[in-house]
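Colleague: Below you will find the structure I want to go over with you.
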Amino acid sequence: MTAAAAFTLEVPKSGRWPIFGWFAVLFLAGAQITAFAISPPDRDMGDLQKILYVHVPAAWNMGICYLLVAIYSFRYLWKRDDRDDLIAASAAEVGTLLNGLTLVLGMIWARPTWGVWWVWDARLTSTLIMFLVFAGYLALRAFVEEPDRRALWSAVAGIMGAINYPIVYMSVRWWRTIHQVQSTPSTLDPTYTFSLRLNAVAVLFILIYFIRRRYEAALTERVTEQLSQAAALGGPLHA
Amino acid sequence: MPEMIASNGYYVAAAYAVGWICILGYLLRLHSLLRRSREALAHARTIGGAP
């Protein structure tokens, strides 16, 4: 990074983004009320079915995060814009959180329904592998100090990690697993579909809010890094 | 299968507790990160003499 590059980034402003946080609170409240007060217990699973209202939306939104990682990693490799790298990293962090949540909630649901916390079936194993890949991605970012090299290696690792998502999604169709195949609105009661979608939108707003705030923090850190480098090189400071 | 399932409220409560702890924990981490990054930026500006 040269002193000239110190002037490429600006300190981010929150703007109207916090409104997504309030949308998240509103939708979460509505989703929880719907899940517990309106949606009836499932014939087979009873109240355990309510775990799926958080497990499935977490898994869907994890996919959105990893799609963002792939898109912005490609954009970084194409345009070499630091902001793309930081958006990809922010999405990866939130995606890893949702990935972990998907795994843990799945285990809590599996214990009373399958009788075990964990089985090495294709869906569970591929989801765990993806979690470990993105945990590695975050560790890579923490250990590489040179910004350009960190961004380049992260972009490659991010694309490689995101490639796993279609495998995770299709694993229940490609291999014989204990995990059921994806449900569709035609196989679900409309009450369940509504609750599931409401929870999914709530988690989507959480995701948007989290990624934006994480990006703001990362960009502010990056500007600080550039200011410090420019000061060390004796250049002017404009950030 | 239905008779094998112990429809235990503890599992539901545990799942929702884990979900809320994750969301609120990450929210706190984000606010802490933002505050620290802004403080570091203000400090870097003071050191460098930037406006």
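A short reminder: the numbers here are calculations on the coordinates, not readings from a lab. This is a predicted model, so every value here is computed, not measured. Because the Cβ atoms are built from the backbone with ideal geometry, glycine has one as well, and the counts that use them run over all protein chains shown.
Colleague: First measure r as the distance between the Cβ atoms of A:Val181 and A:Asp81, then evaluate 1/(1 + (r/R0)^6) with R0 = 51 Å and state the FRET efficiency to the nearest 0.05.
Modeller: 0.80
Colleague: Could you work out the mean count of beta carbons from other protein chains within 10 Å of each residue's beta carbon in A:99-110? Don't skip to the end; give the middle numbers.
Modeller: Details: counts 0, 2, 7, 0, 0, 5, 6, 1, 2, 10, 3, 1.
Partner-chain Cβ atoms within 10 Å, mean over residues of A:99-110: 3.
Colleague: Normalised by the number of residues in chain A, what is the relative contact order in percent for Cα pairs under 8 Å and 6+ residues apart?
Modeller: Computed over chain A, the figure is 38 percent.
Colleague: Which order do B:Leu41, A:Leu105 fall in if you start with the one that has the fewest other Cβ atoms within 10 Å?
Modeller: Least to most surrounded, the residues fall as B:Leu41, A:Leu105.
Colleague: Longest segment of chain A with no chymotrypsin sites (Phe, Trp or Tyr not before Pro) in a DSSP loop having at most 15 other Cβ atoms within 10 Å?
Modeller: In short, A:1-116.
Colleague: Using only the alpha carbons, work out the radius of gyration and Dmax of the range A:160-211 in angstrom.
Modeller: Computed over the Cα atoms of the range A:160-211, radius of gyration and Dmax are 14.3, 38 Å.
Colleague: Along the three principal axes, how long is the protein assembly as shown when you take its alpha carbons, biggest first, rounded to the nearest angstrom?
Modeller: That gives 74, 37, 29 Å along the principal axes, largest extent first.
Colleague: Using DSSP to define loop residues, name the GluC sites (Glu not before Pro) in the range A:120-222 whose beta-carbon has at most 15 other beta-carbon atoms within 10 Å.
Modeller: A:Glu145
Colleague: Next question, about the same structure. How much mean residue ellipticity at 222 nm does the protein assembly as shown get from its helices, if each DSSP H run of length 4 or more adds -39500 (n - 2.57) and you divide by all residues, to the nearest 500 deg cm²/dmol?
Modeller: -25500 deg cm²/dmol
Colleague: Given the options A:Leu103, A:Ile87, A:Met170, identify the residue whose Cα lies farthest towards the positive end of the charge dipole of the protein assembly as shown (+1 on Cβ of Lys, Arg; -1 on Cβ of Asp, Glu).
Modeller: So the residue we want is A:Ile87.
Colleague: To continue, here is another question. Starting from the Kirkwood radius over alpha-carbon pairs of the range A:99-142, derive D by Stokes-Einstein at 25 °C in a medium of 0.890 mPa s and give it in µm² s⁻¹.
Modeller: On the way: Rh = 11.2 Å.
Here the translational diffusion coefficient equals 219 µm²/s.
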